[in-house]
Amino acid sequence: MHNLEERVECGEHLAMKALITGITSQDGSYLAEHLLSRGYEVIGLVRPGPLHDANIKHLLDSITIKESSLTNLAFIQSVLRQVKPDEVYNLAAVSNFALYIKDPVGSHDINGNAALVMLEAIRTTNSAIRFFQAGTCQMFGTPITSPQSEQTPYTPVTPYAASKAFAQWMVAQYRTQHKLHASSGILFSHESPRRPPDFVTRKITQAVAKISLGIADELVLGNLDVKRDWGFAGDYVEAMWMINRAKTPDDYVIGSGKSHTVREFLHEAFTAAGITEYERFIKADPALMRTETAVLEADITKIQENLGWRPKTSFKELVRMMVMHDIALLRESL
């Protein structure tokens with residue numbers, strides 16, 4: 001019997017329950033906000049240890065945090081029996097390349113095996129739970145065609161992408177073999193003021209904020225002509241929710257459908273800060289140069305036609321949002 005039906009029979013509050021792994025991340029925090037706005041009860045599942053709550057401090061009174069190993073089947077089964085969620089969103093991930101080099105097995109456990117453990121826990125405790133897996137466009141590797149759709153083959157070229165591809169294939173297996181409502185979103189680059197500073201977009205907006213306030217006088221970057229499909233994380237979590245609530249489970253590409261170069265990102269960032277002649281601040285570092293010929297750009301036809309989703313925030317609005325946030329943040333600290 002579905003969890004919601006059980007609560008109706010018992011006369012309990014009818015709020016839907018969602019369990020989110022990776023709730024402290026950029027995506028997890030925006031998703032928690034989105035679900036709370038729709039009346040959900042939200043439970044965040046985190047690994048034991050210090051809680052990195054910078055992104056969710058404003059939500060701590062509205063959500064429940066539970067600690068559990070993400071790769072221990074018995075632990076996850078216990079959590080599912082206790083929480084009785086209607087939906088699970090698996091957003092936990094290790095994307096830092098340095099961490100992969102330091103701990104490849106542990107990183108794969110989080111990015112690959114954790115999804116398999118969650119799927120098996122759902123199958124063995126309550127197969128009515130709806131499951132969403134956060135995938136990545138990096139699974140496409142260096143595609144020879146652009147834009148990329150759900151039909152584009154996976155050719156991962158990094159350990160991170162390979163782990164995510166494994167999780168993606170497990171979702172398909174459990175959907176077809178065990179009839180779970182298991183779906184995935186193939187996420188293209190999505191940014192926000194909550195993006196960690198080791199990502200190039202936040203590196204740029206933080207540097208522009210410092211330059212605009214006279215604290216710094218240069219921004220060191222690599223190849224400015226690399227193209228990416230950038231969108232706003234707050235828009236993309238709505239797509240995750242729509243995918244999980246769809247009648248039929250499936251895999252969907254989530255992106256903006258438009259690609260931009262790092263150079264274009266720079267132009268919009270400096271423009272937002274009121275700096276027009278910004279080229280003098282840009283310094284090239286050969287060590288950061290990467291030769292990339294592939295263009296990662298999302299074909300969002302399927303999600304538009306099937307679910308009616310499309311991004312609301314433009315590229316220009318996204319960059320301005322991030323720059324203004326970092327300027328305000330820096331001013332507060334002065």
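We did not get these values from a lab; they are worked out from the coordinates using the rules stated. Note that this is a predicted model, so its numbers are computed, not measured. A quick note on method: Cβ atoms are made from the backbone with ideal geometry, for glycine too, and the neighbour counts reach across all protein chains shown.
Observations on the structure shown:
- Between 0 and 90°, nearest 10: helix 200-212 axis offset from the chain longest Cα axis: 50 degrees
- Placing unit charges on the Cβ atoms only, positive for Lys and Arg and negative for Asp and Glu, gives the chain a dipole magnitude near 200 debye about its Cα centre.
- Near the amide H of K17, within less than 5 Å, lie the amide hydrogens of E41, D86, E87, all on another chain or at least 5 residues away, with H placed in the peptide plane.
- Arranged from fewest to most other beta-carbon atoms within 10 Å of their beta carbon, I144, I122 become I144, I122.
- Take the chain and mark each of the trypsin sites (Lys or Arg not before Pro) that is in a DSSP loop with at most 10 other Cβ atoms within 10 Å; the longest unmarked stretch, sites excluded, is 1-246.
- Helix 114-125 vs. the chain, principal-axis angle (Cα, 0 to 90°, nearest 10): 20 degrees
- With neighbours defined as other Cβ atoms within 10 Å of a residue's Cβ, the residues H267, H52 order from fewest to most as H52, H267.
- Estimated dipole of the stretch 3-187 in Debye, rounded to 20 [Cβ of Lys and Arg +1, of Asp and Glu -1, Cα centre]: 320 debye
- Computed Kirkwood radius, in angstrom, where 1/r is averaged over Cα pairs of the chain: 20.8 Å
- Pairwise centroid distance, computed over Cα atoms, of the stretch 215-293 with the stretch 75-146, Å: 25 Å
- Alpha carbon convex hull of the stretch 3-187, volume per residue in cubic angstrom: 128 Å³
- Using θ = phi - 60° in the Karplus curve 6.51 cos²θ - 1.76 cosθ + 1.60, the 3J(HN,Hα) couplings for the stretch 180-185 round to 6, 7, 10, 10, 9, x Hz; x is entered for Gly and Pro.
- Across q = 0.18, 0.20, 0.23, 0.29 Å⁻¹, the stretch 212-265 modelled as identical point scatterers on its alpha-carbon atoms has Debye log10 I(q)/I(0) values of -0.77, -0.84, -0.93, -1.10, in the order of the q list.
- When S314, S192 are arranged by Cβ crowding within 10 Å, least crowded first, meaning fewest neighbours, the order is S314, S192.
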